[in-house]
Amino acid sequence: MARIFVIDTPTRPIETPVLFPVNNTGHRGEGNGPEYWTEIPDMKTMLLNAHLLYKSSILQTLMAEGLHRHYTQDGVFFIDSGGFQNRTSDLTIDPIEILRIQESIGADIAATLDIPVLPQENTLTQKHAETLRTCVKNALITLQHREREDMLIYACIQGGDIRAMLNMVDYLQKRGQFDGFAIGGLVPKRSDFQQIVDTIWAVRKRIGDAPLHVFGLGGPSYIPLLVYLGVDTFDSSSYLRAGSKRVYFVPGQGSVDFQDIGKCTWLPCVCPVCSAHPCNEVREDRRLIALHNLWMIAYEIRKLKIAIRENSLEPYLEQRLKPNPLIYGAYHYAKGKIRGFT
Ligand code: GUN
Ligand code: ZN
């Protein structure tokens with residue numbers, strides 16, 4: 001199922017698997033993360049959230065300049081709707097307003113406005129049915145009102161169980177020509193590996209060759225599993241969150257707290273950050289930690305792509321995931337499903 005796939009975006013083709021790092025533009029629109037897109041050649045991609053931009057003063061700048069002039073001309077920008085905020089804040093904006101923001105700032109890929117289904121939600125309730133109806137309606141409205149034909153539109157998929165999600169996929173595929181699908185609602189379920197594997201696998205099979213994005217699970221431990229399941233693109237703010245908590249991604253392994261690293265002159269990494277800055281400088285600067293963390297993800301994705309090309313993904317994952325029993329178990333569970341699929 002793992003694949004290398006080319007997605008033709010308005011800016012340029014991208015070769016999957018691809019991470020869209022979440023660029024936290026902050027409340028006043030001034031980012032507090034590193035300008036990774038100027039540092040890491042493999043990471044000229046970014047995920048921003050239309051609803052957060054709408055509430056931020058940076059929106060005017062982006063409307064005037066466009067994302068590409070503001071950040072980088074050859075950047076590929078995935079603009080999420082902000083559906084994730086739908087349950088936590090006062091989202092009053094409608095799907096067409098979100099679409100207009102996505103189109104006018106120059107998004108390459110836009111996700112439709114969804115309402116996340118929470119893990120504890122009962123799928124037999126009226127409220128669940130209502131939520132899914134709104135997701136479907138919003139997705140179709142977005143497609144009907146598109147003004148930029150070149151911008152890719154991904155339908156957000158939600159559902160309290162797999163049956164509900166697949167129903168949504170079937171309905172949307174029948175009614176509209178979406179450029180891809182994006183699975184939402186998985187972040188709160190992220191420690192239920194079995195459910196995550198079942199869900200992604202079911203949707204991946206159902207959508208044929210269409211591009212598949214998974215929201216919010218693009219951290220260093222989940223990426224190998226997502227790639228194995230045939231997910232094309234993913235996003236994550238893990239590099240930033242880890243940076244602020246002084247958590248350092250260790251090359252080829254998991255992550256460690258800087259407190260546990262102890263005294264050292266140089267870190268055990270030769271990325272441009274750790275080559276130029278001794279241990280104490282990296283430790284003191286959360287932007288440097290975040291940038292190093294993204295370099296590690298870039299390294300991981302390169303290795304995954306090489307393994308796919310060399311037809312050696314399974315042996316690679318076997319040794320790569322072994323130190324992490326939870327992900328290792330999830331990988332074996334996924335392997336069983338994939339092997340049973342003909
Ligand atoms: N980011 C993380 N989870 C979600 C989700 O469920 N929907 C959207 N649109 N974005 C997300
Ligand atoms: Zn490093």
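The set of residues in the range 299-332 that are in contact with a helix residue (DSSP H, G or I) (Cβ under 9 Å, 6 or more places away or on another chain) and within 16 Å of ligand 2 (Cβ to nearest atom) comprises E300, I301, K303.
Residues checked against (1) among the aliphatic types (A, V, I, L, M); (2) surrounded by fewer than 21 Cβ atoms within 10 Å (Cβ to Cβ); (3) in a loop (DSSP other than H, G, I, E, B):
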residue	(1), (2), (3)
I96	yes, yes, no
A129	yes, yes, no
E149	no, yes, yes
R163	no, yes, no
Q177	no, yes, yes
Q194	no, yes, no
I200	yes, no, no
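Of all residues in the range 207-252, those satisfying the criterion of being at pLDDT below 95 and small (G, A, S) are G218, G219, S221, S236, S237, S238, A242, G243, S244, G252. When G243 is tested against (1) farther than 30 Å from G336 by Cα; (2) not in a helix (DSSP H, G or I), only condition (2) is not met.
Quick one: count up the residues across the range 125-142 that are within 22 Å of the chain's Cα centre (by Cα) and closer than 13 Å to S81 by Cβ. Even if it seems obvious, please write down each step before you answer.
Of the range 125-142, the ones within 22 Å of the chain's Cα centre (by Cα) are 132, 135-136, 138-139, 142.
Pick out the ones that are also closer than 13 Å to S81 by Cβ and you get 135, 138-139, 142.
Counting residues in the range 125-142 that are within 22 Å of the chain's Cα centre (by Cα) and closer than 13 Å to S81 by Cβ gives 4.
So which residues in the range 160-190 are without any contact (Cβ under 8 Å) to a residue 60 or more places away in the chain and either hydroxyl-bearing (S, T, Y) or more than 28 Å from T9 (Cα to Cα) (or both), if there are any at all? G160, D161, I162, R163, A164, Y171, R190 - these are the residues of the range 160-190 that are without any contact (Cβ under 8 Å) to a residue 60 or more places away in the chain and either hydroxyl-bearing (S, T, Y) or more than 28 Å from T9 (Cα to Cα) (or both). The set of residues from the range 271-289 being away from ligand 2 (no atom under 11 Å from the Cβ) and either within 16 Å of the chain's Cα centre (by Cα) or in a helix (DSSP H, G or I) (or both) comprises N280, E281, R283, E284, R286, R287. As a summary of the residue check, I297 satisfies the conditions (1) aliphatic (A, V, I, L, M); (2) more than 20 Å from the chain's Cα centre (by Cα); (3) surrounded by 13 or more Cβ atoms within 10 Å (Cβ to Cβ) except for the one numbered (2).
Which of the residues spanning the range 309-322 are within 14 Å of L225 (Cβ to Cβ) and either surrounded by fewer than 18 Cβ atoms within 10 Å (Cβ to Cβ) or of a type in the set (D, E) (or both)?
Selection gives E314, Y316, E318, K322.
State whether one or more residues within the range 232-239 are within 20 Å of D192 (Cβ to Cβ), touching a His at 6+ places or on another chain (Cβ under 7 Å), within 16 Å of ligand 1 (Cβ to nearest atom) and hydrophobic (A, V, I, L, M, F, W, C). Within the range 232-239 (the criterion being within 20 Å of D192 (Cβ to Cβ), touching a His at 6+ places or on another chain (Cβ under 7 Å), within 16 Å of ligand 1 (Cβ to nearest atom) and hydrophobic (A, V, I, L, M, F, W, C)), the answer is yes, since at least one residue qualifies.
Please determine whether any residue of the range 33-47 is under 20 Å from L19 (Cβ atoms), polar (S, T, N, Q), out of contact with any helix residue (DSSP H, G or I) (no Cβ under 9 Å at 6 or more places or on another chain) and surrounded by fewer than 23 Cβ atoms within 10 Å (Cβ to Cβ).
As a first pass, look at the range 33-47 and keep what is under 20 Å from L19 (Cβ atoms): 33-47.
Next, from what is left, pick out any that are polar (S, T, N, Q): 38, 45.
Adding the requirement that they be out of contact with any helix residue (DSSP H, G or I) (no Cβ under 9 Å at 6 or more places or on another chain) leaves 38.
Narrowing further to those that are surrounded by fewer than 23 Cβ atoms within 10 Å (Cβ to Cβ): 38.
Within the range 33-47 (the criterion being under 20 Å from L19 (Cβ atoms), polar (S, T, N, Q), out of contact with any helix residue (DSSP H, G or I) (no Cβ under 9 Å at 6 or more places or on another chain) and surrounded by fewer than 23 Cβ atoms within 10 Å (Cβ to Cβ)), the answer is yes, since at least one residue qualifies.
Would you mind stating whether R163 is within 14 Å of A110 (Cα to Cα), out of contact with any strand residue (DSSP E or B) (no Cβ under 8 Å at 6 or more places or on another chain) and among the basic types (K, R)?
Details: within 14 Å of A110 (Cα to Cα): no; out of contact with any strand residue (DSSP E or B) (no Cβ under 8 Å at 6 or more places or on another chain): yes; among the basic types (K, R): yes.
Spelling it out, it is not the case that R163 is within 14 Å of A110 (Cα to Cα), out of contact with any strand residue (DSSP E or B) (no Cβ under 8 Å at 6 or more places or on another chain) and among the basic types (K, R).
Output the number of residues of the range 256-270 satisfying the condition of being assigned to a helix (DSSP H, G or I) and surrounded by 11 or more Cβ atoms within 10 Å (Cβ to Cβ). Can you show your working first?
Quick first cut of the range 256-270, residues assigned to a helix (DSSP H, G or I) only: 258-260.
Now drop any that are not surrounded by 11 or more Cβ atoms within 10 Å (Cβ to Cβ), which leaves 258.
The qualifying residues number 1.
Write out, first by first residue and then by second, each pair whose Cβ atoms fall under 9 Å of each other, whose residues are 6+ apart or on separate chains, and whose first residue, in the range 278-293, is within 12 Å of A242 (Cβ to Cβ) while the second is within 16 Å of ligand 1 (Cβ to nearest atom) and of a type in the set (D, E, K, R). What qualifies is A290/R241.
The single condition from (1) touching a residue at least 60 places away in the same chain (Cβ under 8 Å); (2) closer than 30 Å to R148 by Cα that L212 fails is (1).
Residues in the range 251-270 that are more than 12 Å from ligand 2 (Cβ to nearest atom), over 28 Å from the mean Cα position of the chain (by Cα) and not aliphatic (A, V, I, L, M): 6 in all.
Going residue by residue through the range 97-111, is there one that turns out to be aliphatic (A, V, I, L, M), more than 15 Å from ligand 1 (Cβ to nearest atom) and closer than 28 Å to L19 by Cβ? Break it down stepwise before answering.
Going residue by residue through the range 97-111, those that are aliphatic (A, V, I, L, M) are 98-99, 101, 105, 107, 109-111.
Filter once more, keeping what is more than 15 Å from ligand 1 (Cβ to nearest atom): 105.
Okay, now just the ones that are also closer than 28 Å to L19 by Cβ, so 105.
Scanning the range 97-111, I find at least one residue that is aliphatic (A, V, I, L, M), more than 15 Å from ligand 1 (Cβ to nearest atom) and closer than 28 Å to L19 by Cβ, so the answer is yes.
The values are calculated or read from the model by the stated rules, or taken from the named source; none is laboratory data. None of these values were measured; they are calculated from a predicted model. Please note: Cβ atoms are built from the backbone with ideal geometry, for glycine as well, and neighbour counts cover all protein chains shown.
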